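Asker: What follows is a single structure, and I will ask about it in a moment.
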Amino acid sequence: MPEAETYLEYLKSNRAQAVFRLSQAVTDSLREFLGSRGFIEFLPPIVSAVTDPGLRGAERVQVSMYDTRAYVMSSMVFHKQVLATAFSRIYSFAPNVRLEPVRNAGSGRHLVEFCQLDVEEAGSSLEDSMRLAERMIAFTVSKVIERHRPLLDSLGRTLSVPEVPFQRVTYDEALREGAKYGLSVRYGEELPQVLEARISREAGGFLWVTGYPKGCRGFYYRESDDGEHVLSMDLLFPEGFGEAISGGEREYRPDVIKRRISEARLDPGEFREFLAAAEDGLRPTCGFGIGIERFLRYIAGEREIARVRPFPKTPGHIAM
Ligand code: ASP
Ligand code: MG
């Protein structure tokens with residue numbers, strides 16, 4: 001926010017009025033799309049004994065409740081597997097809290113508290129999920145343009161409906177691409193955000209990254225047959241807006257989950273309840289999460305994510 005402007009003044013500004021009306025348009029369209037495909041919306045958990053430990057350098061918020069260790073939800077990935085086992089096609093607009101390192105404060109795309117649209121489908125493959133996600137994005141962008149062009153115009157935003165299927169690169173290709181721009185990464189490490197932003201800008205459209213080596217992704221993503229990679233994808237926005245989606249096929253076999261937890265050097269006790277669900281019999285599922293504020297930031301063409309989230313908390317700064 002500009003120094004001189006109070007938060008209430010920002011909310012009353014023409015810009016914020018347009019951004020938050022677009023926010024409603026985006027969530028309405030996402031619900032319309034998923035509802036038309038038989039997905040059921042669930043209210044999301046806020047705290048849990050188990051939540052995602054793999055957060056690209058961010059930390060979880062641990063709380064003590066009735067002498068039990070709990071976490072504020074960092075991602076409902078484990079809950080999605082359980083719900084999709086029972087209901088086949090599910091989604092939630094889920095609150096996530098991730099204590100991002102303060103060095104990410106100026107990135108324009110990190111919030112400490114954000115909302116993730118979590119989608120999960122039983123019996124679906126990585127390919128199915130990628131096709132679903134790109135159609136969902138194309139549908140939402142097309143509805144926003146069709147129904148709310150004056151709002152986009154008022155923000156000076158020109159958007160066009162992306163063509164599906166989106167372009168794809170593998171992790172290995174992304175490393176080679178990055179090297180061309182002097183961005184070198186050790187094989188097996190996560191793709192740095194500058195590299196993601198750069199290759200997505202060069203791609204000139206939405207870009208999928210697949211074929212990640214397993215060490216740099218969550219233990220819950222299913223291994224490829226070679227045992228070295230995971231069936232997982234990220235989607236990058238065009239124009240250098242960076243990461244849009246993470247997702248993949250899930251590991252559901254209790255023995256493999258236990259092995260993956262120990263390979264990731266995590267405490268199996270922390271995942272007791274998830275392991276109990278797996279022992280009960282999880283179905284193979286696949287899904288993804290898309291940060292709503294990041295999607296809205298792209299739609300609105302707003303580089304500063306704090307402007308598209310009501311009452312934003314940015315790394316190192318907790319406000320109202
Ligand atoms: N757990 C992932 C994340 O929050 C999303 C997913 O795999 O569905 O980044
Ligand atoms: Mg991610």
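The values are calculated or read from the model by the stated rules, or taken from the named source; none is laboratory data. Keep in mind that what you see is a predicted model, and the values were worked out from it rather than measured. Glycine gets a Cβ as well: all are built from the backbone with ideal geometry, and neighbour counts include every protein chain shown. Each accessible area value is taken on the protein alone, full model and side chains, heavy atoms only, with ligands, DNA and RNA left out. Shrake-Rupley method; radii C 1.70, N 1.55, O 1.52, S 1.80 Å.
Asker: For the list (1) loosely packed, with under 14 Cβ neighbours inside 10 Å; (2) touching a His at 6+ places or on another chain (Cβ under 9 Å), I need the number of the one condition that residue 181 fails.
Answerer: (2)
Asker: Could you tell me how many of the residues in region 223-239 are under 22 Å from residue 136 (Cβ atoms) and more than 14 Å from ligand 2 (Cβ to nearest atom)?
Answerer: Qualifying residue count for the region: 3.
Asker: Does any residue in region 89-109 that is within 21 Å of residue 124 (Cα to Cα) come within less than 6 Å, Cβ to Cβ, of a residue that is in a helix (DSSP H, G or I) six or more places away or on a different chain, and which pairs are these?
Answerer: Between residues of region 89-109 that are within 21 Å of residue 124 (Cα to Cα) and residues that are in a helix (DSSP H, G or I), the close pairs are 90/83; 90/84; 91/34.
Asker: Mind checking which residues of region 113-157 are hydroxyl-bearing (Ser, Thr, Tyr) and either in contact with a Lys or Arg (Cβ under 9 Å, 6 or more places away or on another chain) or free of Cβ contacts under 8 Å to residues at least 40 places away in the same chain (or both)?
Answerer: 124, 142, 154
Asker: Residues of region 83-100 being over 19 Å from the mean Cα position of the chain (by Cα) and on the phi < 0 side of the Ramachandran plot, which ones?
Answerer: First, the residues of region 83-100 that are over 19 Å from the mean Cα position of the chain (by Cα): 85-88.
Of everything in region 83-100, those that are over 19 Å from the mean Cα position of the chain (by Cα) and on the phi < 0 side of the Ramachandran plot turn out to be 85, 86, 87.
Asker: Then there's this: Kindly evaluate residue 246 against the criterion of being at pLDDT 95 or above and assigned to a strand (DSSP E or B).
Answerer: The answer is yes for residue 246.
Asker: Report those strands (runs of 3 or more DSSP E) wholly inside region 99-217 carrying at least 3 residues which are among the acidic types (Asp, Glu) and at pLDDT 95 or above. Outline the logic, then answer.
Answerer: On the way: elements: 113-122, 167-170, 207-210.
Here the list reads 113-122.
Asker: All but one of (1) among the charged types (D, E, K, R); (2) without any contact (Cβ under 8 Å) to a residue 12 or more places away in the chain; (3) in a helix (DSSP H, G or I) hold for residue 5, so report the exception by its number.
Answerer: Unmet condition: (3).
Asker: Do you know which of the residues in region 223-233 that are touching a Leu at 6+ places or on another chain (Cβ under 8 Å) and free of Cβ contacts under 8 Å to residues at least 40 places away in the same chain is nearest to residue 176 (Cα to Cα)?
Answerer: The qualifying residue nearest to residue 176 (Cα to Cα) is 224.
Asker: A further question follows. Determine whether residue 24 is within 20 Å of residue 301 (Cα to Cα), modelled with pLDDT of 95 or more and open to solvent by 40 Å² or more (accessible area, probe 1.4 Å).
Answerer: Values: within 20 Å of residue 301 (Cα to Cα): yes; modelled with pLDDT of 95 or more: yes; open to solvent by 40 Å² or more (accessible area, probe 1.4 Å): yes.
Considered against the rule, which asks whether it is within 20 Å of residue 301 (Cα to Cα), modelled with pLDDT of 95 or more and open to solvent by 40 Å² or more (accessible area, probe 1.4 Å), residue 24 comes out as yes.
Asker: Has region 149-158 got at least one residue that is closer than 20 Å to residue 231 by Cβ, open to solvent by 10 Å² or more (accessible area, probe 1.4 Å) and not charged (D, E, K, R)? Working first, answer last.
Answerer: Initially, region 149-158 is screened for residues closer than 20 Å to residue 231 by Cβ, giving none.
No: zero hits.
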